[in-house]
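Notes follow once the structure below has been shown.
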Amino acid sequence: MASVSGCLPRQAVPGGEHRRQEAATDEEDARHSRSGVLSVNVGRPAQMGWHGRTVRSSIWKSPVVGPVRARGVNLVGDAQADRKAHGGPDKAVYAYAMEDLEWWNGQLGLALGPGGVGENLTTTGLDLSEAVVGERWQVGSVQLQVTQPRIPCYKLGIRVGDDQFPQRFAEARRHGVYLRILTEGELRGGDEVQVVHRPAHALRAVEVAHIFYDHHERAGELLCVPELAASWHRWARRILDAGS
């Protein structure tokens with residue numbers, strides 16, 4: 001992809017006091033070798049009440065025992081109620097770390113377990129704040145590719161019973177990551193997550209959220225990342241056009 005003005009040099013995004021500094025390569029390798037899927041979670045659309053209206057969502061997901069097939073735009077047994085906002089090939093699978101669920105439990109007195117924020121893959125031992133857009137994961141016989149962070153909507157507040165939670169979620173920079181399915185196959189809880197490729201651009205998914213919320217002047221950087229979801233390229237172009 002051609003270079004876009006404003007892409008380089010990139011600036012490091014603050015990860016918050018809860019995030020560690022970049023590790024050395026051998027430490028990264030060790031971290032990835034210990035990482036895995038704690039649980040695979042699926043759910044179907046259901047209706048629920050919210051402030052006097054009825055909304056439809058698949059955010060309630062439950063762990064599955066045994067292998068689950070990943071194909072097309074989701075996992076078998078899973079479905080998105082609003083595929084325009086929450087589905088499609090660039091949001092086929094959502095991963096969130098058990099360590100982050102436990103952090104929320106400690107912060108807010110919640111009792112979130114696997115599937116607690118509507119994730120398909122509850123991971124363990126993998127720092128998702130370090131996930132690079134375009135990096136590829138081998139999980140079971142499935143190959144997945146990181147496409148973007150989660151930008152929370154009001155339905156996340158419904159899920160945890162707190163209308164302010166989406167804002168807290170965004171401010172904490174514990175977004176998790178969406179993934180596209182590159183190679184169809186089967187995965188299950190207990191599978192190892194192997195990061196088999198990391199792009200040279202090194203743009204982390206959490207940095208995309210940082211640009212979205214706080215640094216529109218860096219929007220051009222997103223156009224230099226071909227693996228990023230197409231919707232983010234469109235957003236970046238709108239921001240650049242508005243500022244020209």
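Quick notes on this structure:
- Filter result for the condition that a residue is under 25 Å from GLU99 (Cβ atoms) and of a type in the set (A, V, I, L, M, F, W, C), over VAL225, VAL193: VAL193
- The stretch 122-157, residues that are in a strand (DSSP E or B) and more than 17 Å from VAL206 (Cβ to Cβ): THR122, THR124, ARG136, GLN138, VAL139, VAL142, GLN143, LEU144
- Annotation: SER39 fulfils all but one of (1) surrounded by 20 or more Cβ atoms within 10 Å (Cβ to Cβ); (2) modelled with pLDDT under 95; (3) over 27 Å from ALA230 (Cα atoms); the unmet one is (2).
- Filtering LEU121, LEU144 for residues that are buried (at least 23 other Cβ atoms within 10 Å of the Cβ) and either of a type in the set (Val, Ile, Thr) or within 15 Å of LYS61 (Cα to Cα) (or both) leaves a single hit, LEU121.
- Cβ pairs under 9 Å, 6+ apart, first in the stretch 209-224 and assigned to a helix (DSSP H, G or I), second among the hydroxyl-bearing types (Ser, Thr, Tyr): GLY220/SER5; CYS224/SER3
- Within the stretch 148-203, considering residues that are within 13 Å of the chain's Cα centre (by Cα) and among the small types (Gly, Ala, Ser), the one nearest to ILE59 (Cα to Cα): GLY176
- Of all residue pairs spaced 6 or more apart or on separate chains, those with beta-carbon atoms under 9 Å, a first member in the stretch 177-202 that is within 21 Å of ASN41 (Cβ to Cβ) and aliphatic (A, V, I, L, M) and a second member that is at pLDDT below 95 and assigned to a strand (DSSP E or B) are ILE181/ASN74.
- Residues that are surrounded by fewer than 15 Cβ atoms within 10 Å (Cβ to Cβ), at pLDDT 95 or above and in contact with a helix residue (DSSP H, G or I) (Cβ under 9 Å, 6 or more places away or on another chain) within the stretch 234-244 comprise just one, ARG238.
- Wholly within the stretch 43-118, strands (runs of 3 or more DSSP E) carrying at least 2 residues that are under 19 Å from the mean Cα position of the chain (by Cα) and under 17 Å from PHE169 (Cα atoms): 93-97
- Some residue of the stretch 191-204 being within 21 Å of GLY36 (Cα to Cα), among the basic types (Lys, Arg) and not in a loop (DSSP other than H, G, I, E, B): yes
- Matching residues in the stretch 162-190 - criterion: being buried (at least 17 other Cβ atoms within 10 Å of the Cβ), in a loop (DSSP other than H, G, I, E, B) and out of contact with any helix residue (DSSP H, G or I) (no Cβ under 9 Å at 6 or more places or on another chain): GLY189
The values are calculated or read from the model by the stated rules, or taken from the named source; none is laboratory data. Please read these numbers as outputs of a predicted model, since none were measured by experiment. Backbone-built Cβ (ideal geometry, glycine too); neighbour counts: all protein chains shown.
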